[in-house]
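Chemist: Got a structure here, written out as structure tokens. Questions coming.
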Amino acid sequence: ATPEPTPVPEPTAQSYTIKEGDTLSGIARSFGLTLDELLAANEETIEDPNLIAVGDVIIIPAAPPDEVPDAGASEEPE
């Protein structure tokens, strides 16, 4: 019998606390997101993207499924 493939867990959102020197665009870039994706995930908490404060907590959305690396994938030989 062929074993069933191990299911890949769904990516989940996480929280991030703003630190001194952070910018929303820099945070988005460091998590592989666009600024628009980050703002969309925080539309209820970020009233003005130009005004964030140290200690503010924002949501980092999960990567879209098509951007999550497939752990079981192998590279095709060229």
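Chemist: Which value, in Å³ per residue, describes the convex hull spanned by the Cα atoms of segment 2-52?
Modeler: Numbers: hull volume 5.6 nm³, N = 51.
Looking at segment 2-52, the number lands at 111 Å³ per residue.
Chemist: Let me ask you something else. How large is ³J(HN,Hα), in whole Hz, for each residue of segment 23-36 in order, when computed from phi with the Karplus curve 6.51 cos²θ - 1.76 cosθ + 1.60 and θ = phi - 60°, using x for Gly and Pro?
Modeler: Using θ = phi - 60°, the values come out as 10, 4, 5, x, 5, 4, 4, 5, 9, x, 10, 8, 4, 4 Hz.
Values quoted throughout were computed directly from the atomic coordinates according to the rules given, and no laboratory measurement underlies them. For clarity, every value in this text was computed on a predicted model and none was experimentally measured.
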